[in-house]
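Chemist: Would you mind keeping the following structure in view while I ask a few things?
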């Protein structure tokens with residue numbers, strides 16, 4: 001009965017999100033024997049000014065370096 | 001001192017959300033004796049393409065079956 | 001497809017947790033029409049020294065007042 | 001390797017969020033010795049009708065009292 | 001800058017958890033181009049009496065059916 | 001009405017946790033004007049084998065480098 005929460009920044013495309021859902025569901029099914037119809041995966045796309053990294057919002061961090 | 005996070009898809013109406021908040025607060029008060037003024041309930045309404053179930057985004061899942 | 005996370009301190013009994021699960025599942029079924037077999041509820045019992053309220057850990061808070 | 005999730009209502013300004021990120025990162029660095037470049041802080045700004053307190057949505061609660 | 005939270009019941013072995021971490025990190029690297037050294041994955045192993053499904057704790061649910 | 005979840009590995013002392021609670025509550029009070037008696041902070045201490053970083057569990061990561 002897995003629940004998975006994936007939090008990312010910035011947003012992903014619909015196709016990328018579908019692929020992430022498919023692959024993580026497959027991982028949990030193969031490694032732990034979890035039923036896909038009891039596996040829920042929620043993706044949260046976080047605005048860059050709301051994600052802090054290294055002490056600053058991500059957009060400020062990325063303005064000074066390459067991810 | 002409960003904190004409750006309710007994650008649903010798709011969105012609910014304002015009235016439905018107020019009722020969910022009232023009922024869960026009442027449950028925690030009756031069953032555990034928790035004070036309502038120390039009980040916080042946060043509802044996250046998740047876009048269907050961000051909620052994976054049975055290996056696919058929920059909107060694709062619902063296109064092929066009935067919830 | 002709801003996922004609910006209930007965080008409380010201190011711990012609850014097995015019977016209390018079963019009742020909370022039953023009642024919240026019922027609320028989501030009646031108010032939003034959610035299927036119980038797609039409703040997951042996870043209860044986290046948090047140690048009092050790990051839950052801060054009013055600027056202090058809960059056990060210190062409770063030593064000075066009544067919840 | 002800390003991960004911090006700050007959930008607030010209502011929304012904050014960009015400057016307020018940057019300050020919160022800077023101060024919490026500093027706290028974890030000073031108190032626990034955590035490296036800022038391994039510290040992630042995600043701020044969720046929750047709509048008032050989605051945050052329940054004292055049994056009602058926050059906007060209804062605030063209409064009857066002062067926070 | 002992904003953060004992933006995997007919640008499962010019952011517990012997994014150390015080897016299973018290491019494999020889940022490796023595979024999800026690989027998925028996010030391939031699909032979204034995320035750097036592994038900015039990818040954090042936290043696994044929560046939840047006691048069966050704390051995970052409600054279909055209105056009952058998971059251990060009661062499993063006593064009456066097969067997962 | 002803030003709720004803050006701090007997830008760290010490995011465990012912290014009681015004194016460190018009390019200081020983190022005090023400082024984050026102070027930050028939210030000064031920066032956002034939040035009332036401490038409506039501010040809840042929950043600290044989760046995660047086992048190192050359950051926290052993945054750079055594709056491996058943290059204890060394996062730390063065996064090969066310095067945090």
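Quick note: the coordinates plus some simple rules give every number you see, no bench work behind them. From a predicted model like this one, the values you see are computed outputs, not experimental measurements. Glycine gets a Cβ as well: all are built from the backbone with ideal geometry, and neighbour counts include every protein chain shown.
Chemist: Name the chain E residue nearest the rotation axis between E and A, going by Cβ position, and give the distance in whole Å.
Modeler: E:5, 2
Chemist: Now for a separate question. Percentage of Cα-Cα pair distances in the protein assembly as shown greater than 28 Å, rounded to whole percent?
Modeler: 45
Chemist: How large is the direction-averaged shadow of the alpha-carbon convex hull of chain D, in nm²?
Modeler: 5.6
Chemist: Roughly how many whole Å is it from the C-alpha centroid of segment E:9-28 to that of segment A:38-55?
Modeler: After rounding, the separation between the Cα centres reads 20 Å.
Chemist: Say R0 is 41 Å: what FRET efficiency, to the nearest 0.05, do residue C:16 and residue B:48 get from their beta-carbon distance?
Modeler: 0.75
Chemist: Of B:45, B:15, B:23, which is the most mobile in a GNM of chain B whose springs link Cα atoms less than 10 angstrom apart?
Modeler: In this elastic network of chain B, the residue with the biggest mean-square fluctuation among B:45, B:15, B:23 is B:15.
Chemist: Determine the calculated [θ] at 222 nm for chain E from helices alone, applying -39500 (n - 2.57) to every DSSP H run no shorter than 4 residues and normalising by the residue count; nearest 500 deg cm²/dmol.
Modeler: Rounded to the nearest 500, the figure is -12500 deg cm²/dmol.
Chemist: Calculate how steeply helix F:14-32 sits against the longest principal axis of the alpha-carbon atoms of chain F, using the helix alpha-carbon long axis, and give the answer as 0 to 90 degrees to the nearest 10.
Modeler: 50
Chemist: State, to one decimal in nm and shortest first, how far the label point of residue C:35 sits from each corresponding label point in the other identical copies (label point: 7 angstrom along Cα-to-Cβ).
Modeler: Copy-to-copy label distances for residue C:35: 1.1, 4.2, 4.3, 4.3, 4.6 nm.
Chemist: What nm distances, shortest first, do you get from the label point of residue B:62 to those in the other copies when the point sits 7 angstrom along Cα to Cβ?
Modeler: Inter-copy label distances (nm, one decimal, shortest first): 3.0, 3.0, 3.1, 4.1, 4.4.
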